[in-house]
Amino acid sequence: MSTPEELRYTEEHEWVSVRDGGLVRVGITEYAQDQLGDVVFVELPEVGKQLGSGDAFGEVESTKSVSELFAPLDGEVVAVNDAVTESPELINSDPYGEGWLIELRLDDVSSVDSLLEAEAYQALIKE
């Protein structure tokens, strides 16, 4: 299972990619999509929504279950991936690329350092 080194991770199986200008892109990990099975529906927040770390911001529905999505950090939603709402299977086929979910403008960019590095996330999913 792939766990890209350049990303940060949460215990809720989300990944965070740091972008320019205090932005981060958020998605769910390959492990999470594998556990979910075939994703059939995604609900994402409106652009402009303010999220606190741990706030539920949407849902992913698969053939097996419905799972809430949680904000990894504090920030404002500045983009949502409309391609995923139209083609939810992108989460299964490309979780770290085309299957991203939202972009946040962080309240504090250094808060990314509080997230898990790839090695720590790999240890978490092996438990």
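Would you work out what percent of the accessible area of the range 1-86, with all protein chains in place, is carbon or sulfur (probe 1.4 Å)?
Numbers: 1690 of 4230 Å².
On the range 1-86, the fraction of accessible area on carbon and sulfur atoms equals 40 percent.
Could you put ILE125, ILE91 in order of accessible surface area, largest first, with the 1.4 Å probe and the full protein assembly present?
Working: ILE125 35, ILE91 0 Å².
Order by accessible area, largest first: ILE125, ILE91.
Give me the Debye-computed log₁₀ of I(q)/I(0) at q = 0.17, 0.28 Å⁻¹ for the range 76-127, equal point scatterers on Cα only, no solvent, two decimals.
These q points yield log10 I(q)/I(0) values of -0.76, -0.96.
For an R0 of 35 angstrom, estimate the FRET efficiency from the Cβ-Cβ distance between GLN122 and VAL40 and round to the nearest 0.05.
Values: r = 28 Å, r/R0 = 0.80.
It comes to 0.80.
So what is the accessible area of the chain per residue, in Å², with the probe set to 1.4 Å? It would help to have the intermediate numbers written out before the result.
Working: 6470 Å² over 127 residues.
The answer is 51 Å² per residue.
Let me check something: with ligands and nucleic acids excluded, how do THR29, THR63, THR85 order by accessible area (1.4 Å probe), largest to smallest? Provide the component values of the computation, followed by the final result.
Numbers: THR29 0, THR63 100, THR85 60 Å².
Descending order: THR63, THR85, THR29.
What percent of all Cα-Cα pairs in the range 1-47 falls into each 5 Å bin, going from 0 up to the bin containing the maximum distance?
For the range 1-47, the pair-distance distribution reads 5, 17, 25, 25, 18, 9, 2.
Roughly how big is the chain's charge dipole about its Cα centre, with Cβ charges of +1 (Lys, Arg) and -1 (Asp, Glu), in debye to the nearest 20?
Result for the chain is approximately 40 debye, rounded to the nearest 20.
For the range 14-115, which semi-axes, largest first and in whole Å, follow from the square roots of 5 times the eigenvalues of its Cα gyration tensor?
Working: eigenvalues 96, 33, 30 Å².
Equivalent-ellipsoid dimensions as semi-axes: 22, 13, 12 Å.
The values are calculated or read from the model by the stated rules, or taken from the named source; none is laboratory data. The model shown is predicted, which means the values in this text are computed figures rather than measured ones. When we count neighbours, we look across all protein chains shown, and the Cβ atoms used for this are built from the backbone with ideal geometry, even at glycine. To get the accessible areas, we keep the full protein, side chains included, count just its heavy atoms, and leave off ligands, DNA and RNA. Shrake-Rupley method; radii C 1.70, N 1.55, O 1.52, S 1.80 Å.
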